[in-house]
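Working notes, structure below.
The values are calculated or read from the model by the stated rules, or taken from the named source; none is laboratory data. From a predicted model like this one, the values you see are computed outputs, not experimental measurements. Quick reminder, even Gly has a Cβ in these numbers, built from the backbone with ideal geometry, and neighbours come from all protein chains shown.
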């Protein structure tokens, strides 16, 4: 099963694990709304599959992640 992880790159802390990318992007949108874009620029979104040996990968970070979250909000 694929899951999504949101990380704070500055502190290297996991913010949360989500079952869908949309859930993770909603958190990014909330961070932007509450704390502003500069804080959200330190975030990274990645994915992993707990039923596969594939190591997963990065989806987006920083400004690209903020833009992706903004696009999700409009859709």
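Here are some notes:
- Of all residues in the range 35-65 being touching a residue at least 40 places away in the same chain (Cβ under 8 Å) and part of a strand (DSSP E or B), the one that is surrounded by the fewest Cβ atoms within 10 Å (Cβ to Cβ): 49
- For residue 48, the stated conditions do not hold, so it cannot be described as closer than 12 Å to residue 8 by Cβ and modelled with pLDDT under 95.
- Qualifying positions in the range 1-24 - in contact with a strand residue (DSSP E or B) (Cβ under 9 Å, 6 or more places away or on another chain), over 20 Å from residue 67 (Cβ atoms) and assigned to a loop (DSSP other than H, G, I, E, B): 1, 19
- Being out of contact with any helix residue (DSSP H, G or I) (no Cβ under 9 Å at 6 or more places or on another chain) and loosely packed, with under 15 Cβ neighbours inside 10 Å is a property that does not hold for residue 16.
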